[in-house]
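S.K.: One structure, as C-alpha cells, below. Some questions next.
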Amino acid sequence: MILIENVYKRYLTEHGPGKWVLRDINMTIPTQRSVALIGQNGAGKSTLLRIIGGIDFPNKGRVERRCRVSWPMGSGGLEGTLTGRQNAKFVCRIHGHQDELADRLAFIQCFAELGDAFDEPVRTYSSGMRSRLQFALSLAFDFDVFISDEVTAAGDTKFRKKAADAFKDATGKASIIMVSHDESTLKQFCQSAIWINDGHAYWFDDLDDALKAYKNELFS
C-alpha cells in the first residue's frame, strides 16, 4: 500500500511562494487496485503523481511506499548526453540487473522502437521518442504499482495500441495509478479514483462515482 499523510505542495514563483496546489492530503492507496487521478487542468493531478513516484517532494507531510512503485512512465529520468542504450544500461545497473543486462536491453530496444536512434544521444530525441524509451524502461522491471501520466498518448497509433496492450498485461500482475484526459482509457484500466478539487483529494472506491462527482462540480 501507499500511505499519504498530511501532504501539502506549492511551488515558488518570481513573486514568492505560490498558492497551495495540494492541501492536507491524507489517503491510503491499496495495492491490487488500479486508480485514476481525475480533476480539472491544473488541479494537481500530475503533481500528486510525481510525489507518489518520488520524483517530486511535498513541502509538508510524507509519502510511505510499502510496495515497489515505478517512476512516472513516460516522463523524467533520462540523461540527455547519453544514448538511449547508455541510459538503459545505467537504469538496469541501478536496479541490480547486471546479470540480466543483455535480456533487459533487448526488451527495451525492441519495445521502444527507436531503431538506430537507440544509439544516439537522448537530447536529439523528440518528445515522443523519449516517452517511448521511458515507457519501455518502466516495463523492463517488476513493480507492484506502475504510475503513468498520459503515457498511452505517446507515439503513433500503432505504438499507442502497443502501450495499451502492455498496460492490460501489467494489470494482471500489478496495479496502476494513472492520469489521462480520456475517460475511456480510465475506464479501461481503473476501478477506483482520486478526485482532486481545490487542492483537496477525495477517494472513491468506484471510478464511476468519482467521475459523476467531478462532472457535477464541473457543470454546477
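S.K.: Give the residue, chosen from 117, 193, 210, 166, that is in contact with a strand residue (DSSP E or B) (Cβ under 6 Å, 6 or more places away or on another chain), hydrophobic (A, V, I, L, M, F, W, C) and over 18 Å from residue 52 (Cα atoms).
M.R.: 210
S.K.: Could I ask something else about it? Do any residues in the range 118-129 that are within 7 Å of residue 84 (Cβ to Cβ) have Cβ atoms under 6 Å from those of residues that are loosely packed, with under 12 Cβ neighbours inside 10 Å, where the two are at least six apart or on different chains, and which pairs are they?
M.R.: 122/80
S.K.: Give the residues of the range 45-85 that are in a loop (DSSP other than H, G, I, E, B), touching a Phe, Trp or Tyr at 6+ places or on another chain (Cβ under 9 Å) and small (Gly, Ala, Ser), sorted by residue number.
M.R.: 54, 74, 77, 80
S.K.: How do the pairs read when you match residues in the range 46-57 that are under 15 Å from residue 21 (Cα atoms) with residues anywhere that are hydroxyl-bearing (Ser, Thr, Tyr) and assigned to a helix (DSSP H, G or I), using Cβ under 7 Å and keeping only pairs 6 or more apart or on different chains?
M.R.: Qualifying pairs under 7 Å: 56/47.
S.K.: Does residue 146 count as touching a Leu at 6+ places or on another chain (Cβ under 9 Å), free of Cβ contacts under 8 Å to residues at least 24 places away in the same chain and under 30 Å from residue 6 (Cβ atoms)?
M.R.: The answer is no for residue 146.
S.K.: Here is a follow-up. Whether any residue in the range 27-40 is more than 22 Å from residue 176 (Cβ to Cβ), modelled with pLDDT of 95 or more, part of a strand (DSSP E or B) and not aromatic (Phe, Trp, Tyr) is what I want to check.
M.R.: no
S.K.: Can you name the residue in the range 165-188 that is in contact (Cβ under 8 Å) with a residue 12 or more places away in the chain and acidic (Asp, Glu) and, of all such residues, is surrounded by the fewest Cβ atoms within 10 Å (Cβ to Cβ)?
M.R.: Out of the qualifying residues, it is 182.
S.K.: Still on this model: Name the pairs: first residue in the range 19-38 and under 18 Å from residue 144 (Cβ atoms) and among the basic types (Lys, Arg), second residue modelled with pLDDT under 95 and assigned to a strand (DSSP E or B), Cβ to Cβ under 6 Å, at least 6 apart or on different chains?
M.R.: 33/175
S.K.: With 199, 172 as the choices, which residue is touching a Gly at 6+ places or on another chain (Cβ under 7 Å) and either small (Gly, Ala, Ser) or closer than 21 Å to residue 129 by Cα (or both)?
M.R.: 199
S.K.: Same structure, new question: Return the total of residues in the range 140-174 being hydrophobic (A, V, I, L, M, F, W, C), out of contact with any Cys (no Cβ under 9 Å at 6 or more places or on another chain) and at pLDDT below 85.
M.R.: Residues meeting the conditions: 9.
The values are calculated or read from the model by the stated rules, or taken from the named source; none is laboratory data. Keep in mind that what you see is a predicted model, and the values were worked out from it rather than measured. Please note: Cβ atoms are built from the backbone with ideal geometry, for glycine as well, and neighbour counts cover all protein chains shown.
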